[in-house]
There are 2 protein chains.
Amino acid sequence: MPENYQQYQEKSSHWFQELQQKICHKIENYESLFIKKGLKAKEKPKKFTAKTWKRTDPLLPPGTAAGGGEMRILKGHLFEKAGVNFSAVYGLFSEDFRRQIPGAEKDGKFWASGISVVIHPYSPFIPTVHMNTRMIVTSNKTWFGGGADITPMTADFTINQPEIHRFHQVLEGICNRHNEDYYVRFKKACDDYFFIKHRSEARGAGGIFYDYLNTGNPEQDFAFTKDVGVGFLEVYSEIIEKLMDLEWEEQHRQEQLIRRGRYVEFNLLYDRGTIFGLKTDGNVEAILMSLPPLVSWP
Amino acid sequence: MPENYQQYQEKSSHWFQELQQKICHKIENYESLFIKKGLKAKEKPKKFTAKTWKRTDPLLPPGTAAGGGEMRILKGHLFEKAGVNFSAVYGLFSEDFRRQIPGAEKDGKFWASGISVVIHPYSPFIPTVHMNTRMIVTSNKTWFGGGADITPMTADFTINQPEIHRFHQVLEGICNRHNEDYYVRFKKACDDYFFIKHRSEARGAGGIFYDYLNTGNPEQDFAFTKDVGVGFLEVYSEIIEKLMDLEWEEQHRQEQLIRRGRYVEFNLLYDRGTIFGLKTDGNVEAILMSLPPLVSWP
């Protein structure tokens, strides 16, 4: 690993925490605005509850620090369930994983920090979103990864819906500011990844997904990773503002609950992060925070 | 394969269809009784809807018959979702599966017939049940497999609850009539199988689970398989009659929706049949009929 990447461990870890704070603050403000607008005037706006956790590493001596994280969850009226998790963990990969993770073959050492966000709004007209960015360090490789994608919950929302178009447009702008090849590559990677094979359908309307990003210029890779987080928050804020007052019918809610079922199918059957986390004794509560609050398989 | 097992293909396939009929008839009767008792007096009792499907085998020439099945689903007031599926399929396993399935190494030929039942009652006080029995034939091996297990949906139900005890007792009686070793073995296999590893908790209160059953006496193995189906239906009928009139509160319903989430986690992350089916282009609608109608991850 080139020395100059190392200093970005602390920087990126701080950034992921700062971004967690920014996102939670914004979500709470919209939750509060929604109440004030009078639709649920008698209710008190809901806030995030936070829970910190410490990790133990089965391959390190008992009592050895192995990092941890902070999960934050809000169960509100505008946002039925919003989960914003930060973590910074380190330790040793098991023999099995050493072969799968770049640069970990030799000694299995790893360090990983990231933020993971999944927001399930109550309104079927506000799309669900997912954003995750991370920095990973193994003995021989270091990289950034992550992405953001959007999942409309009713059939009225197509790829041509202005809000979906705007989401893609903002991500495209961020990509283009860093590298003109990024958007095409990262958009395709997202479409390929968030595909529900057994149903031959996309999980949602896509976004961008990147992994193993190491251009040799850590400042630039870190800046891109920060921009993805900031851009995601900005464009989702726009979308919330445009759609939060739309009224919906029971039929839309039913449609949303069924589409959420597809989300669950993807996360439990195909999502690498979920399966990786659950099979490596990760924090179950944090990992499964992505699952929607109410789901239907009628 | 000893010749005398072959004649049981037709017999077992007929039996699975007959059992499907019996189970659906009984479930419809209880649904009807529930309405007549006046709790939902204005409603019309719901019936099963049936849908037949034909299978195509990607390894056989197009148009070649490869079996199929009939799925039946009831969405009622006593039973929020009851799925009763029959199938009889045959064809060629892919190279990958040939290595995993006993007796299929040589040419990949297989024949399989079975019934699969998952019942999700509306009342949180009536446990969810699962029963599946099947006969499988490959070029060099033939066997019966299956089992039945029960999942209470509220914490009030423990292993000592009389209804759970009765469920186990009936299965134990069936096992003992055939072989005094069966119950201990099949009960343990069930507990081992229906275990949610990432939560270190059982999916439910267990039952029995058996596979690769070939004692050399097909008549006896078939009789055991039939008894499991009949016994399951009898004991679940008893349980329904005892619990169908119990009134429950919203808090019990919430508890049930959360417990159903565990059921989904198990089925999508660990259940061999579900994963096998989805990854071999099985009938998605039939395979995922086991998923609960409404689920919560709060």
Notebook entry, point to check: From A:183, A:210, which residue is assigned to a helix (DSSP H, G or I), under 17 Å from residue A:144 (Cα atoms) and among the hydroxyl-bearing types (Ser, Thr, Tyr)?
Noted result: A:183
Item checked: Residue that is in a loop (DSSP other than H, G, I, E, B) and either under 24 Å from residue A:232 (Cα atoms) or open to solvent by less than 40 Å² (accessible area, probe 1.4 Å) (or both), where the choices are A:62, A:45 -> A:45
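Every residue, every condition in (1) away from chain A (no Cβ under 14 Å); (2) farther than 19 Å from residue B:240 by Cβ; (3) in contact with a Gly (Cβ under 6 Å, 6 or more places away or on another chain); (4) outside any helix (DSSP H, G or I), yes or no:
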site	(1), (2), (3), (4)
B:133	yes, yes, yes, yes
B:165	yes, no, no, no
B:172	yes, yes, no, no
B:188	yes, yes, no, no
Notebook entry, point to check: Mind checking whether some residue in region B:181-201 is open to solvent by 30 Å² or more (accessible area, probe 1.4 Å), over 30 Å from residue A:268 (Cα atoms), of a type outside the set (S, T, N, Q) and without any contact (Cβ under 8 Å) to a residue 24 or more places away in the chain?
Noted result: yes
Check: When you go through (1) crowded, with 22+ Cβ neighbours inside 10 Å; (2) modelled with pLDDT under 95; (3) among the small types (Gly, Ala, Ser) one by one for residue A:155, which number turns out not to apply?
Finding: (1)
Next item on the list: State whether the residues of region B:226-246 include one that is closer than 30 Å to residue B:29 by Cα, away from every other protein chain (no Cβ under 14 Å), hydrophobic (A, V, I, L, M, F, W, C) and without any contact (Cβ under 8 Å) to a residue 60 or more places away in the chain.
Entry: no
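Per-residue answers, yes or no, for (1) over 18 Å from residue A:187 (Cα atoms); (2) open to solvent by 10 Å² or more (accessible area, probe 1.4 Å):
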site: A:96; (1), (2): yes, yes
site: A:101; (1), (2): yes, yes
site: A:104; (1), (2): yes, no
site: A:112; (1), (2): yes, yes
site: A:117; (1), (2): yes, no
site: A:143; (1), (2): yes, yes
site: A:176; (1), (2): no, yes
Margin query: For residue A:28, only one of the following conditions fails: (1) within 24 Å of the chain's Cα centre (by Cα); (2) closer than 30 Å to residue A:279 by Cα; (3) surrounded by 14 or more Cβ atoms within 10 Å (Cβ to Cβ). What is its number?
Written below: (2)
Check: Scanning for something facing chain B (nearest Cβ under 10 Å), touching a helix residue (DSSP H, G or I) at 6+ places or on another chain (Cβ under 8 Å) and buried (at least 18 other Cβ atoms within 10 Å of the Cβ), does region A:258-266 turn up at least one residue?
Finding: yes
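Residue-wise test of (1) over 30 Å from residue A:278 (Cα atoms); (2) at pLDDT 95 or above; (3) of a type outside the set (Lys, Arg); (4) part of a helix (DSSP H, G or I).
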| residue | (1), (2), (3), (4) |
| --- | --- |
| B:222 | yes, yes, yes, yes |
| B:225 | yes, yes, yes, yes |
| B:229 | yes, yes, yes, yes |
| B:251 | no, no, yes, yes |
| B:255 | no, yes, yes, yes |
| B:261 | no, yes, yes, yes |
Check: Just checking, which of A:213, A:278, A:294 is within 14 Å of chain B (Cβ to nearest Cβ) and open to solvent by less than 20 Å² (accessible area, probe 1.4 Å)?
Finding: A:278
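The values are calculated or read from the model by the stated rules, or taken from the named source; none is laboratory data. What you are looking at is a predicted structure, and each value in this text was computed from that prediction instead of being measured. Cβ sites come from the backbone with ideal geometry, for glycine too, and all protein chains shown count toward neighbours. Just the protein is used for accessible areas: all its heavy atoms, side chains included, with ligands, DNA and RNA removed. Shrake-Rupley method; radii C 1.70, N 1.55, O 1.52, S 1.80 Å.
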